[in-house]
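Take a look at the structure below.
Every number in this text was worked out from the coordinates using simple rules, so none of it is lab data. Quantities reported herein were computed from a predicted structural model and do not represent experimental measurements. Every residue, glycine as well, gets a Cβ built from its backbone with ideal geometry; the counts of neighbours run over all protein chains shown.
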Amino acid sequence: MGKPSGARFRTYERLKDYAGEVKGTLFESRQLLSTIEDIYRYPLRQSAIDTLNRQLRSGISNMALAQLVIALREEDRLCLIHKEDGELREPKIICSLGLVENNTRGDTNEGRI
């Protein structure tokens with residue numbers, strides 16, 4: 001999430017708190033929850049960081065912040081989401097250090113490094 005003073009962290013925390021406040025009311029929306037998840041999972045675009053920093057400094061309300069971030073997401077200007085063949089990329093194991101020494105001398109410590 002980055003530094004607690006960063007735009008991503010502050011926006012995420014404020015939107016998470018706002019989502020908790022509006023849960024079960026008319027203002028609760030699936031778009032807001034999806035936007036919060038995107039902010040958590042993906043890095044923000046630089047233009048979104050600049051916009052959010054400017055708005056956070058000006059004292060934007062939680063509702064207005066939610067509307068802004070949802071609009072940025074809908075315009076694909078919020079997060080850098082890398083897609084591979086139309087699907088979200090999953091983490092891949094590049095290397096596992098499960099190395100075992102092949103002991104061909106017949107020592108009693110066979111298989112140990």
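Working only within the range 1-56, note down all residues that are of a type in the set (Phe, Trp, Tyr) and more than 17 Å from Asp76 (Cα to Cα).
Those that are of a type in the set (Phe, Trp, Tyr) and more than 17 Å from Asp76 (Cα to Cα): Phe9, Tyr12, Tyr18, Phe27.
I'd like the residue in the range 1-22 that is more than 15 Å from Ala48 (Cβ to Cβ) and among the hydroxyl-bearing types (Ser, Thr, Tyr) and, out of all such residues, is surrounded by the fewest Cβ atoms within 10 Å (Cβ to Cβ). Walk me through it before giving the result.
Pass one, the range 1-22, residues more than 15 Å from Ala48 (Cβ to Cβ): 3-5, 13, 16-22.
Pick out the ones that are also among the hydroxyl-bearing types (Ser, Thr, Tyr) and you get 5, 18.
Numbers: Ser5: 8, Tyr18: 18.
Looking at residues that are more than 15 Å from Ala48 (Cβ to Cβ) and among the hydroxyl-bearing types (Ser, Thr, Tyr), I get Ser5.
Only residues that are loosely packed, with under 13 Cβ neighbours inside 10 Å and either farther than 20 Å from Met63 by Cβ or among the basic types (Lys, Arg) (or both): list them for the range 23-46, please.
Those that are loosely packed, with under 13 Cβ neighbours inside 10 Å and either farther than 20 Å from Met63 by Cβ or among the basic types (Lys, Arg) (or both): Lys23, Arg30, Arg41, Gln46.
Working only within the range 47-63, note down all residues that are surrounded by 12 or more Cβ atoms within 10 Å (Cβ to Cβ) and not acidic (Asp, Glu).
Of everything in the range 47-63, those that are surrounded by 12 or more Cβ atoms within 10 Å (Cβ to Cβ) and not acidic (Asp, Glu) turn out to be Ala48, Ile49, Thr51, Leu52, Asn53, Gln55, Leu56, Ile60, Asn62, Met63.
When both residues are 6+ apart or on different chains and their Cβ atoms are under 7 Å apart, which pairs have a first residue that lies in the range 45-69 and is over 26 Å from Lys23 (Cα atoms), and a second that is β-branched (Val, Ile, Thr)?
Final answer for the pair search is none.
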